[in-house]
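What follows is one structure encoded as C-alpha cells, with my remarks underneath.
The values are calculated or read from the model by the stated rules, or taken from the named source; none is laboratory data. Worth saying up front: this structure is predicted, and the values here are computed from it rather than measured. When we count neighbours, we look across all protein chains shown, and the Cβ atoms used for this are built from the backbone with ideal geometry, even at glycine. Ligands, DNA and RNA are stripped out before the accessible areas are found, and what is left, the full protein with its side chains, is counted by its heavy atoms. Shrake-Rupley method; radii C 1.70, N 1.55, O 1.52, S 1.80 Å.
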Amino acid sequence: MSSPTSQSRVPKACDPCNRRKVRCNGQQRCQQCEHLDLMCTYTENRLLRSRKHSLRRGAVISKYKSANPKPTTLTPLLSPPVPTASPQLPTSYFESLLPAYMSYVYPFSPIITETEVRESLIKMNTEREHAAFIYAFTAVTLDLTRSSQLPTKSSPQTASTQITDLMRQSVETQQPLVIGFRPSILRATTSIFIQMCAMSLGHYDLGFFHLHEAISMIQMLRINDKTANASLTTTERARRQRLYWQCFIHERFMSIVNFSPATLPPHTQYPEEDMFLGAEIQQGWMQVIKTFCMLDASFIGLWIGDRTQVTASWVERKHRELDDALWDVEVSALSELQQADLVITRQWMRTLLWQMAMSNCLLSSHASCPSLELEMPLRLSSQLRQFLTKISQNTIRVHGSSMISKLLEIVNTIADVVIHVPQATREETTSRIDDIVFMQGVVLSFHNLQVMPKDILLDKFRVIRGGFHILKWL
C-alpha cells in the first residue's frame, strides 16, 4: 500500500513551485499559484528542477508577479507616493511670498495663518495635502500681487504662465478623491485658491468646479452644524465659520457673473469673535459678509430668472439696504485695501439693481428712488471717480479678477447710459466724458484684462468718441 505522501506526489510541478521547491498539486492552475496569485506555467526545461538554478521563494513570487501581471480590481490609493518640491521653486521662494500673502490674501481669506503655511512648507516633501496647498498658496499670492505685471527681460515668463503651472502642480499633487478620503480645512482652502486663480485666468467652468469642491468639503465637515462643532475651541470654530462664509461669498459672486444658481445658504450665524484674528481684519470680514448677504435668494432668482417679476417696491427696499449711512462710517475706519473692496462692491451691486429695474422698464427721469432713475449710473461714476482718485491703483489691482469683473460691469453700464441718454447742457456732457475717460484709464490699466471684455469696452468708447466728436479726449 502506498503512503499518503506518495499518493499526493505529481509527476511534474509547475515552474513557480519548482523554483521555490514547494509541493505542487499539478493542476492546470495549482493551489500554490492560486493562493499567491502567480502565473502558473509548466515547461520541459529540466534546468528548472536543478537546485543550483533555484531562487529564493520571495524573489520568485516578485519575479512572476512583475513579469506576468494579472488584471486586478482597482483599489483605493490610501498611501500615495509623496511628491517632491518643484526644483524650479526652492523653499526660500515660497517663504519670500509670505509677507505678500499676509498683506493681500489673508485679510480676504482669513483661514490658513502664517504659522500654518510654514508648517505646510516643512511637510510638503512628505505629505501630498501640504504640497498641494503650497502650490495653490503660491499661485493665488502671485495672482493678487503680480498678475497685472508685464514680462521683463529679467523675468520673461508671464505671471499667468507661472500661475497656470502652479495650479496644475497643485491639482496633480492632491490625493485622489477615492474611498477613504477625508476632507480638511487645508484641502478646502486649496480648492478655493485654485478657484480664484482659474477665475482670474478666465477659466470660469474650472473655477465653478473647484469652488463646489470646496463647498462639498465644508458640508462634509458639517461646519453649519452647531452640535457637531460645539466641542471645538472658539478659534477653530470661528475659522471654520469664516471658511463657510468665504464659500458663500464666492458662490454668490459667481451666481451673478455666470448666471448660475446659488446652492449654499447663509451660515446660521456670523463668525464668532476670534482673539487671534486682528480686529481690523475681523471688522472688514464682517462687512464683506453683510454686503453679500444682500444678494439673497430673491436677488439671485430675479437676476438669473424672470426679471418681469422685479417690482418698484422691491427695488426701493434693496436700495435702502445699500444706502446705509452707518455703513459709510464703519467702512471709513478700515484699511484702504478693505475700503476699495467694499466700496466698489457696493457700487457694483447698485449697478446690478439698476439693470434689473431697467430690464422691467421701471426707470424714469423723475423717480422717487435713485435706483429707479434713468441717470443713476452717471451719479455712480462721479462718486466712484472721487473715491478712486483717493487710493492707489495698486490697491485696486491686488483684488484680482473679482475687482476687474465689478469695474467692467460698472463702466459698461456707465458707457451705455452716456451713449443712449441725451445731455441737457455742455457742462453735463463734459462731466460725463471726464468720468468715462477716467474710468477707461482705470479698467485698461489691468494688463491681464480678458480680450473679449476689453474689446467690447473699447467699441463703446469708440461710439462715445464718434458721438461727441472728442478725439482729443479718448
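Hey, any hits in the range 382-400 for a residue that's of a type in the set (Gly, Ala, Ser), farther than 26 Å from residue 459 by Cα and not in a loop (DSSP other than H, G, I, E, B)? Working first, answer last.
The first filter runs over the range 382-400 and keeps only residues of a type in the set (Gly, Ala, Ser), leaving 382, 392, 400.
Now drop any that are not farther than 26 Å from residue 459 by Cα, which leaves 392.
This time we only want the ones that are not in a loop (DSSP other than H, G, I, E, B), so: none.
No.
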Inside the range 293-315, the number of residues satisfying the requirement of being within 19 Å of residue 362 (Cβ to Cβ), open to solvent by 30 Å² or more (accessible area, probe 1.4 Å) and part of a loop (DSSP other than H, G, I, E, B) is 3
Check 403, 376 and return the single one that is of a type in the set (A, V, I, L, M) and without any contact (Cβ under 8 Å) to a residue 40 or more places away in the chain.
-> 376
Kindly list, by first and then second residue, each pair from a residue in the range 220-245 that is over 20 Å from residue 281 (Cα atoms) to a residue that is surrounded by fewer than 13 Cβ atoms within 10 Å (Cβ to Cβ) and at pLDDT 95 or above, limited to pairs with Cβ atoms under 7 Å and residues at least 6 apart or on different chains.
-> none
Sole miss for residue 340 among (1) in a helix (DSSP H, G or I); (2) crowded, with 19+ Cβ neighbours inside 10 Å; (3) at pLDDT 90 or above is condition (3)
Could you check, for the range 319-329, whether at least one of its residues is in contact (Cβ under 8 Å) with a residue 24 or more places away in the chain, out of contact with any helix residue (DSSP H, G or I) (no Cβ under 7 Å at 6 or more places or on another chain), buried (at least 16 other Cβ atoms within 10 Å of the Cβ) and not acidic (Asp, Glu)?
-> yes
Might you let me know whether the range 335-353 holds any residue that is touching a strand residue (DSSP E or B) at 6+ places or on another chain (Cβ under 8 Å), among the hydroxyl-bearing types (Ser, Thr, Tyr) and closer than 23 Å to residue 431 by Cβ?
-> no
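In this structure, is residue 243 outside any helix (DSSP H, G or I) and not charged (D, E, K, R)?
Working: outside any helix (DSSP H, G or I): no; not charged (D, E, K, R): yes.
No.
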Exactly one of (1) touching a Ser or Thr at 6+ places or on another chain (Cβ under 7 Å); (2) in a helix (DSSP H, G or I); (3) among the β-branched types (Val, Ile, Thr) is unmet by residue 111. Its number?
-> (2)
Scan (1) under 25 Å from residue 243 (Cα atoms); (2) part of a helix (DSSP H, G or I); (3) of a type in the set (D, E, K, R) for the single condition residue 318 breaks and write down its number.
-> (1)
Determine, yes or no, whether residue 398 is touching a helix residue (DSSP H, G or I) at 6+ places or on another chain (Cβ under 6 Å), open to solvent by less than 60 Å² (accessible area, probe 1.4 Å) and modelled with pLDDT under 80.
-> yes
Test: residue 280 is in a helix (DSSP H, G or I), in contact with a Ser or Thr (Cβ under 7 Å, 6 or more places away or on another chain) and among the charged types (D, E, K, R) = yes
Long-range neighbours under 6 Å by Cβ, at least six apart or interchain, first residue within 15 Å of residue 116 (Cβ to Cβ) within the range 130-141, second of a type in the set (Gly, Ala, Ser) and open to solvent by 10 Å² or more (accessible area, probe 1.4 Å) = 141/100
Select from the range 380-395 the residues that are of a type outside the set (A, V, I, L, M, F, W, C) and either touching a Leu at 6+ places or on another chain (Cβ under 8 Å) or closer than 28 Å to residue 370 by Cβ (or both) and write down the one among them that is modelled with the lowest pLDDT.
-> 395
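Test residue 242 against the stated conditions and say whether it is over 30 Å from residue 355 (Cα atoms), open to solvent by less than 40 Å² (accessible area, probe 1.4 Å) and among the charged types (D, E, K, R).
Taking the combined requirement at face value, the residue satisfies it.
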Scope the range 349-381; condition surrounded by 14 or more Cβ atoms within 10 Å (Cβ to Cβ) and small (Gly, Ala, Ser); matching residues = 357, 359, 367, 371, 381
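Check every one of the helices (runs of 4 or more DSSP H) wholly within the range 151-231 and list those with 2 or more residues that are open to solvent by less than 70 Å² (accessible area, probe 1.4 Å) and closer than 21 Å to residue 268 by Cα.
Hits in the range 151-231: 185-200, 204-220, 226-229.
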